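Notes follow once the structure below has been shown.
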Amino acid sequence: MAQTLQYSTFLLDKLLFGVELRQVQEVIRYLEMTRVPLAPEVVSGLINLRGQIVTAIDLRKRLELEPAAEGSLPMNVVIRRDDGAISLLVDEIGDVVEVDEDSFEPTPETLRGTVRTMIRGVHKLQGRLMHVLDTERACEMGEALTQGR
Amino acid sequence: MGDSDIVKDFLAESYENLDRLDRELVSLEKDPGNRDSLASVFRTIHTIKGTCGFLGFEKLEKVAHVGENLLSKLRDGLVKLNPEITTALLSMVDAVRQMLGEIQETGQDGNQEYKDLQNILSRLLTGEAAGPTVTLPAVAPSVVASPAATPPAATNSPAKPQVLVSPAEAPTAATGAASADAGEASKHAPVHGKIGGMLVERGLLSPDDLAFALRMQQRGDKRRLGEILVSLALTKVEDIALVTQPEDASGAPAATGDEAKSGGAAAGEARARGGSAETIRVGVTLLDKLMTLVGELVLARNQLLQFSNTVQNAGIHAVSQRMNLITSELQEEVMKTRMQPIGNIWNQFPRTVRDVAIGCRKEVRIEMEGKETELDKTIVEAIKDPLTHLVRNSVDHGIELPSVREKNGKNPEGVLKLRAYHEGGHVNIEIIDDGAGINRDRVKQKAIERGILTKEQAAQLTDREIFNLILLPGFSTAEKVTNVSGRGVGMDVVKTNVEKIGGTVDIQSVAGRGTTVRVKIPLTLAIVPALIVTCGDDRYAIPQVSLLELVRLEDTQAVTGIELVHGAPVYRLRGRLLPLVYLRRELAIPNVARKQKDQDEAVNIVVLQADGRPFGLIVDGISDTEEIVVKPLSKQLKGIKTFAGASIMGDGKVALILDVLGVAQRANVLDETRGAGKVSEEEAMEAADQDEKKTYLLFTGPDESRMAMPLDTLARLEELPASQVEKSGIQWVAQYRGKILPLVNLEYALEERRKTRRHPPLVQEGKESKLLQVLVCNHEGNPVGLVVERIVDIVEDTAKVKYPSSRAGVLCSAVIQGQVTELIDIPVVLRAARTEVADPEHAEVSH
């Protein structure tokens, strides 16, 4: 029997995304942010996560999606990383889904650009596709952008 | 897992021991007869030898062993200590240290045999007594002897342990349990036997357990006995360390071996060291974690306090106050756990000094003051290398050769003094030598050669500025500024490293008398006082170390005060141009919010210092100073040099901490041409140089004469409307802060003998609305107001060029800010004024 995987899902511009559950530290509502001047565009700011300072990344910008509507407050999906936590800002939090390994398919070749590197592939769920986000890549680019500043 | 723990403990302990050895050997050299030191050195080496024996580091053991033999001869007075022996012993310490390093990295004690070293040590040994081949086995009998002869062994169920222990104890006995391991045992048995036997003897290990461990060895477990015991949790590393220490072994009264003798002298100290059982080793990571947690607690406390102020509830107030106190105390205590005395790094300096001194044939004595001054661990680590470099430099370049010193009438032995003391949240560390001092002309010449300065600029520099040129990158010691080869690290690296942790380096030198290098560093990096400023809608924290002063320009000043030098904004700060940097512009914050702020015309200039150069940072607002907990930025943001980190404010929001150096670099403050930079550097140095320069108040005296007084003699500056001046008897007075302030007109006080001999009216008729400029001074415990014409400025200057005074009440004439200024002698002036007043003859004539 094929192995099952657990994903924490969220919505971004009506697209369903998933991050492996074990990578997620926590999911929290909107927190006030302190902007960081001179930072890469995708960095929305810094949040105070119970005394920990966490960088928040605007996932919409990161994935080259349309900016969110004015006034909508993004949620934080806090990802656990070796060098501390990072928050990914998303539109809406979804359920935790359990998927079969078999339902996975790599990203189609027709998807191009930098976005391609950040989406590992999709899981075919009932009635919709769940994009599997490569969190490492999604966070890494931020570093590359700051180089030379 | 158990193994690596033992090794880790062994390494940590051995490193400490080695550091102590360095120190003790050097002090022993000075006082060869000191038996206590000798015994202590001997014990230290012995402990290392013993421990590495049971851990199986043979090569290390061998080296330590030869050294130990030599030491035992020294202790017994068979060999006299001389520099050659000290050097040999020190190189043995180095060898041991090297091998420990090897063990730390690879888990093995390396391939090097240190044959040469062993030979040297052996040769030194045979210089007096038998060769190493004889002394080597000589240790064995003593080992065998000690447990057997120890009375407790007999009382401790005599029969059973004896049987179990003896095979391992006697290397020659290839019978019973140990037989299978005989070949191995013969090499290590002394140590094994000792450990097994002694643990049992001290009741730290049951005989059954020992038997079990021995059986394991027999069955082919290649580990040493000690390791097996620890890995089975049958005994503790500390216990093994305890029994391997010679002072314990020496409990054997009949012991004849080398070790036993150390006992007597060591007993006292052993007890003292036994007291250190009250301390426990704690991992640094754990302490760091604690520190982080306390930092977070401090933030939570701040938030709680802010919140409790908004609630009308006595209970919450009380609890939050209590919480406040406890947190502060906790913070202090946790900070203390990370504090280390600076002595920890100084302790290696006697050795460093000795080596360098011998290398360049100099005689140098090292003195230390304030060894116990404590600093945060991270800082202690960070300043170790810079300090070492400075110390080497002082010996190498600073102190002269004995012959030269004698010729100059100095003691041939140079003195290098290390001094550390606290000063307002900072620690000052001074490295003082009584050497030749820095040759300023040579430095100047070098600076001109390297194009750092033009001839004209060089001519204008003060001595201090010249000395500090050495800290510039182009000026590494390798460039032979002081004629001796460099050592890889230049003074600029020292400076950079010290500045990295928020410190400063300053050099003072007197030709022929010596050089003082002062390193000023903050106590801790984790929690720093900072000024909170606002820009746009955000707050930013500026660490106070780089803060010089705050300037606020209001109304018209805000418009006219800022001038442009070809587009670059500057402000005249006490006559000097201060380059200005708009934080808003540097941070690329859009000007959207600017509109509302337009009503507030004031300009806030935060005068900062980066790399020794002041610049003004214009911010939207200045809020407050606050103790902030510095938190690093995530990897994604590390690249932004403008920020040093972030912190959580009392209201729970995050604020970024500005990296002043980064801001300055971004704004090109530091890229100015040298000429322009020089001025600011000079000013920065003036600020740093408070012992020589004084702050003066400049004012205009009678006849428009330019006068000054030291600011510290002044209590306050006041402006009093002339209409408030009243007369009390013959004395002009004014009501001032609920008291009567006698007023003295400077013009009158200065005239030694006025022809008219009467007090001129303080206020001319018709000018009652005029504001009097009053300098309030304390004279003999009472405030006295000195009325002057006009207050000009407050400046800092050395007032070096002086000319004797031409009239009473004036100390001297001096050049302040490039102009001749009379320095007023306040006590004389006031006393004169008083006696005049008190003098009845004058009273009669003055109406």
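Looking at B:Arg513, is it under 22 Å from the mean Cα position of the chain (by Cα), charged (D, E, K, R) and modelled with pLDDT of 80 or more?
Against the criterion (under 22 Å from the mean Cα position of the chain (by Cα), charged (D, E, K, R) and modelled with pLDDT of 80 or more), B:Arg513 does not qualify.
From the list A:Glu105, A:Glu66, A:Glu32, exactly one residue is closer than 25 Å to B:Lys635 by Cβ and without any contact (Cβ under 8 Å) to a residue 60 or more places away in the chain. Which is it?
A:Glu32
Among the residues of region B:58-81, count how many are free of Cβ contacts under 8 Å to residues at least 24 places away in the same chain and assigned to a loop (DSSP other than H, G, I, E, B).
The total comes to 1.
Across region B:618-643, which residue is farthest from the other protein chains (Cβ to nearest Cβ) among those that are hydroxyl-bearing (Ser, Thr, Tyr) and surrounded by fewer than 17 Cβ atoms within 10 Å (Cβ to Cβ)? Give the steps one after another, and end with the answer.
Of the residues in region B:618-643, the ones hydroxyl-bearing (Ser, Thr, Tyr) are B:623, B:625, B:634, B:642.
This time we only want the ones that are surrounded by fewer than 17 Cβ atoms within 10 Å (Cβ to Cβ), so: B:623, B:625.
Values: B:Ser623: 15, B:Thr625: 19 Å.
Among those that are hydroxyl-bearing (Ser, Thr, Tyr) and surrounded by fewer than 17 Cβ atoms within 10 Å (Cβ to Cβ), it is B:Thr625.
Hey, can you tell me all the residues within region B:61-102 that are among the small types (Gly, Ala, Ser) and either modelled with pLDDT under 80 or touching a helix residue (DSSP H, G or I) at 6+ places or on another chain (Cβ under 8 Å) (or both)?
B:Ala64, B:Gly67, B:Ser72, B:Gly77, B:Ala88, B:Ser91, B:Ala95 - these are the residues of region B:61-102 that are among the small types (Gly, Ala, Ser) and either modelled with pLDDT under 80 or touching a helix residue (DSSP H, G or I) at 6+ places or on another chain (Cβ under 8 Å) (or both).
Determine if region B:615-628 includes at least one residue that is more than 22 Å from B:Asp537 (Cβ to Cβ) and at pLDDT below 85.
Initial filter on region B:615-628 (more than 22 Å from B:Asp537 (Cβ to Cβ)): B:615-616, B:627.
Within this subset, residues satisfying the condition of being at pLDDT below 85 are B:627.
Yes, region B:615-628 contains at least one residue that is more than 22 Å from B:Asp537 (Cβ to Cβ) and at pLDDT below 85.
In region B:644-669, which residues are under 18 Å from B:Pro529 (Cβ atoms), within 12 Å of another protein chain (Cβ to nearest Cβ) and not hydroxyl-bearing (Ser, Thr, Tyr)?
B:Gly645, B:Ala646, B:Ile648, B:Met649, B:Gly650, B:Ala655, B:Leu656, B:Ile657, B:Leu658, B:Asp659
Considering only region B:367-470, give the strands (runs of 3 or more DSSP E) lying wholly within it that have at least 1 residues that are closer than 28 Å to B:Gly502 by Cβ and of a type in the set (Gly, Ala, Ser).
B:414-423
Restricting attention to region B:324-348, which residues are buried (at least 17 other Cβ atoms within 10 Å of the Cβ) and without any contact (Cβ under 8 Å) to a residue 12 or more places away in the chain?
Passing the criteria: none in range.
Looking at region A:13-23, can you tell me whether even one residue there is in contact (Cβ under 8 Å) with a residue 24 or more places away in the chain, within 14 Å of another protein chain (Cβ to nearest Cβ) and not acidic (Asp, Glu)?
no
Cβ-Cβ below 6 Å, separation at least six or inter-chain, first residue in region B:526-546 and touching a residue at least 24 places away in the same chain (Cβ under 8 Å), second part of a helix (DSSP H, G or I) and buried (at least 21 other Cβ atoms within 10 Å of the Cβ): which pairs?
Listed by first residue and then by second, the contacts come to B:Ala526/B:Met291; B:Cys535/B:Leu583; B:Ser546/B:Val660.
Tell me the residue from B:Glu102, B:Glu58, B:Glu84 that is among the acidic types (Asp, Glu) and over 35 Å from the mean Cα position of the chain (by Cα), please.
Testing whether each residue is among the acidic types (Asp, Glu) and over 35 Å from the mean Cα position of the chain (by Cα) leaves just B:Glu58.
Only one residue in A:Pro67, A:Pro106 is surrounded by fewer than 16 Cβ atoms within 10 Å (Cβ to Cβ) and touching a Lys or Arg at 6+ places or on another chain (Cβ under 7 Å), so which one is that?
A:Pro67
I need the full set of residues from region B:556-593 which are within 14 Å of chain A (Cβ to nearest Cβ), surrounded by 15 or more Cβ atoms within 10 Å (Cβ to Cβ) and either of a type in the set (Lys, Arg) or touching a helix residue (DSSP H, G or I) at 6+ places or on another chain (Cβ under 6 Å) (or both), in order please.
B:Arg584, B:Glu586
Any idea which of (1) assigned to a helix (DSSP H, G or I); (2) in contact (Cβ under 8 Å) with a residue 40 or more places away in the chain; (3) farther than 23 Å from B:Lys384 by Cβ is the one B:Ser37 doesn't satisfy?
(2)
Name the residues in region B:407-432 that are among the acidic types (Asp, Glu) and at pLDDT below 90, would you?
Across region B:407-432, the qualifying residues are B:Glu413, B:Glu423.
Using beta carbons and a limit of 7 Å, which pairs, at least six apart or on different chains, have the first residue in region B:349-365 and closer than 10 Å to B:Asp396 by Cα and the second one among the basic types (Lys, Arg)?
From region B:349-365, the pairs are B:Val356/B:Arg392.
If we scan region B:50-60, do we find a residue that is modelled with pLDDT under 80 and either of a type in the set (Val, Ile, Thr) or farther than 30 Å from B:Ile6 by Cβ (or both)?
Checked region B:50-60: at least one residue is modelled with pLDDT under 80 and either of a type in the set (Val, Ile, Thr) or farther than 30 Å from B:Ile6 by Cβ (or both).
The values are calculated or read from the model by the stated rules, or taken from the named source; none is laboratory data. The structure displayed is predicted, hence computed values, not measured ones. FYI the Cβ positions are ideal-geometry reconstructions off the backbone, even for glycines, and counts take in every protein chain you see.
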